[in-house]
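Beneath this line is the structure, given in structure tokens, with notes to follow.
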Amino acid sequence: GYSDWYLPSFDVLTEIYNNRVALGPQFISSYSWWSSTSYVNIYAMKIPFNSGIGGNTNNTIDLRTVNNPFRAIRTF
């Protein structure tokens, strides 16, 4: 019912990672989550939630062909 969802920036995703235990079990995973922060136009930055060490990815930002999930967020 809401239309204000968006893909978090790398910095916001880092804050989510840093607070993942307090946010609940749905944020504790071994997935690498995509951010909206781009790198060299066709790449995106992601954060692996099993290590928290994010950075540049060698996968294109085309999420239809990449095997990494994303988590939309909204401001409240």
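The values are calculated or read from the model by the stated rules, or taken from the named source; none is laboratory data. Not measured: the values here are computed from a predicted model. Backbone-built Cβ (ideal geometry, glycine too); neighbour counts: all protein chains shown. What goes into the accessible areas is simple: the full protein's heavy atoms, side chains included, and nothing from ligands, DNA or RNA. Shrake-Rupley method; radii C 1.70, N 1.55, O 1.52, S 1.80 Å.
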Pull out the extension gain between Trp5 and Ile53, defined as 0.36 nm times the separation in residues minus the alpha carbon to alpha carbon distance; nm, one decimal. 14.8 nm
Using mean Cβ contacts within 10 Å as the protection proxy, how do 15-24, 28-37 order, highest first? 28-37, 15-24
Under a 1.4 Å probe, counting only protein heavy atoms, Asp4 has an accessible area in Å², nearest 10, of 70 Å²
